[in-house]
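The values are calculated or read from the model by the stated rules, or taken from the named source; none is laboratory data. In this text the structure is predicted, and so the values were computed from the model without any measurement. Neighbour counts run over all protein chains shown; Cβ positions are idealised from the backbone, glycine included. Heads up: the accessible areas ignore ligands, DNA and RNA and are worked out on the full protein's heavy atoms, side chains in. Shrake-Rupley method; radii C 1.70, N 1.55, O 1.52, S 1.80 Å.
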Amino acid sequence: MAQWLKRGSTAQAVQAADRNVRDTVEKVLADIEARGDAAVRELAIKFDQMERDSYRLGEAEIEACYARLSKRDLADIEFAQAQVRNFAEHQRAAIQDIEVETLPGVILGHKNIPVNAAGCYVPGGKYPLLASAHMSVITAKVAGVPKVITCAPPFNGKPAHAIVAAQHMAGADEIYCLGGIQAIGAMALGTETITPVDMLVGPGNAFVAEAKRQLFGRVGIDLFAGPTETLVIADDSVDGELCATDLLGQAEHGPDSPAILLTTSEHLARDTLAQVERLLGILPTAPIARQAWDSFGEVIVADSDEEMLRIADELAFEHVQVMTRDPDWFLHRLRNYGALFLGPRTNVAYGDKAIGTNHTLPTKKAARYTGGLWVGKFLKTCTYQKVTTDEASAHIGAYTSRLCALEGFAGHGEQANIRVRRYGQQDVPYAGIVE
């Protein structure tokens, strides 16, 4: 029976915070839809502390952002983007159009068609998260999306130069300096100066995630990507310092980021708790990480690997890092997770920044039904059918006619009947329709 050496906030507290976010987002989106650019400008001044005639960046501003980066900075961005592009291209190559003759004269198929326009949100309020530019823009472009626009908030009152450069290097067609709900609303709903997109992607804070949720249906979205979640599954083959480092390395994302240690070793659990306190005394981002750890950090001691497996699948966390003697045991058995990081030599930061897999991942148990952002998210798998012989049409038509009669769909039935009569010369009733 598992025991909790530390628990996070109650479900009731989390639900209360969610209600406040939901109400705020609903009002803001309604304002953007009603007033367009005027509402966006007011929100940008209030929340981004930036007032401009146009929030789209011009070529001169983009070039100025490049100029603020060193050759090493640009080379590092190029490396990360090459890894993301390489893996995305392999994923795209694995998605095939198909066409098959299922019966003589009956041809069925599907085509994978990219959406026409995608809007990519790149968070950057607390930290300039340029990696999100690679993950969204490159993935969309590899999928074949013709138009990709991006929004990122300003950093310290100006366009975040590293984010801008990364967006441009990734291939963004339009770059806007907008953050928060106003960015999501402008891309999805459109304004006088921003053409609406077909799909929204990218991570963000609770307000960004809620805005995407409320707009889903009017536009497509990648997934519900809320506050970062990290689960470390470990046994006594690793030490507390490693576990604490990996927990706090993700807790620094924000004060509402859950970080959980799940282990079969009580000694490791207590060592990790001690190491967390030590690191919080020296980590530059400790003020944020401390809030997250105090409110949402947990330490769970399980009796066995099987119990850890059960708990991990119930949590369905975004990031799951496995540092055990046999991490592949979990690889073959875990079912609910956004991304797995196997063994002590890898970690979530590798996936977040440079290794090549996508870091936009499901949170809040969405991993039970979806994976993370990948090229397939930008593709519509659309079916088609073709009947090439009279015999095939009459054959399928006879089945369709009888099935429509069972359902009482006379008009549907006549669609089949007319073809059976024309192509099969069979005695088929008119299903109540008089010529």
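Tabulated results
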{"quantity": "Looking only at segment 167-185, and only at residues there that are under 20 Å from the mean Cα position of the chain (by Cα) and free of Cβ contacts under 8 Å to residues at least 60 places away in the same chain, the one that is nearest to GLY217 (Cα to Cα)", "calculated": "ALA172"}
{"quantity": "Enumeration of residues in segment 234-255 that are over 23 Å from the mean Cα position of the chain (by Cα), open to solvent by less than 10 Å² (accessible area, probe 1.4 Å) and closer than 19 Å to ALA312 by Cα", "calculated": "ALA234, CYS243, ALA244"}
{"quantity": "Residues located in segment 116-130, provided they are surrounded by fewer than 21 Cβ atoms within 10 Å (Cβ to Cβ) and more than 15 Å from PRO227 (Cα to Cα)", "calculated": "ASN116, ALA117"}
{"quantity": "Flag for THR285 being in contact with an Asp or Glu (Cβ under 6 Å, 6 or more places away or on another chain), surrounded by fewer than 18 Cβ atoms within 10 Å (Cβ to Cβ) and either modelled with pLDDT under 95 or hydroxyl-bearing (Ser, Thr, Tyr) (or both)", "calculated": "yes"}
{"quantity": "Hits in segment 258-280 - residues which are assigned to a helix (DSSP H, G or I), open to solvent by less than 50 Å² (accessible area, probe 1.4 Å) and in contact with a strand residue (DSSP E or B) (Cβ under 7 Å, 6 or more places away or on another chain)", "calculated": "LEU268, ALA269, THR272, LEU273"}
{"quantity": "Selected residue [over 30 Å from GLY190 (Cβ atoms), open to solvent by 50 Å² or more (accessible area, probe 1.4 Å) and free of Cβ contacts under 8 Å to residues at least 60 places away in the same chain] from GLU63, GLU78, GLU99", "calculated": "GLU99"}
{"quantity": "Tally of residues being surrounded by fewer than 24 Cβ atoms within 10 Å (Cβ to Cβ) and touching a Ser or Thr at 6+ places or on another chain (Cβ under 9 Å) across segment 131-148", "calculated": "1"}
{"quantity": "Residue satisfying all of: in segment 208-222; out of contact with any Leu (no Cβ under 7 Å at 6 or more places or on another chain) and part of a loop (DSSP other than H, G, I, E, B); least open to solvent (accessible area, probe 1.4 Å) among these", "calculated": "GLY217"}
{"quantity": "Of the criteria (1) among the hydrophobic types (A, V, I, L, M, F, W, C); (2) in a loop (DSSP other than H, G, I, E, B); (3) open to solvent by 10 Å² or more (accessible area, probe 1.4 Å), which one ALA225 fails", "calculated": "(3)"}
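For (1) assigned to a loop (DSSP other than H, G, I, E, B); (2) farther than 30 Å from GLU210 by Cα; (3) not acidic (Asp, Glu), each residue gets a yes or a no:
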| position | (1), (2), (3) |
| --- | --- |
| ASP352 | no, no, no |
| HIS359 | yes, no, yes |
| THR370 | yes, no, yes |
| LEU373 | yes, no, yes |
| ALA392 | no, yes, yes |
| ARG421 | no, yes, yes |
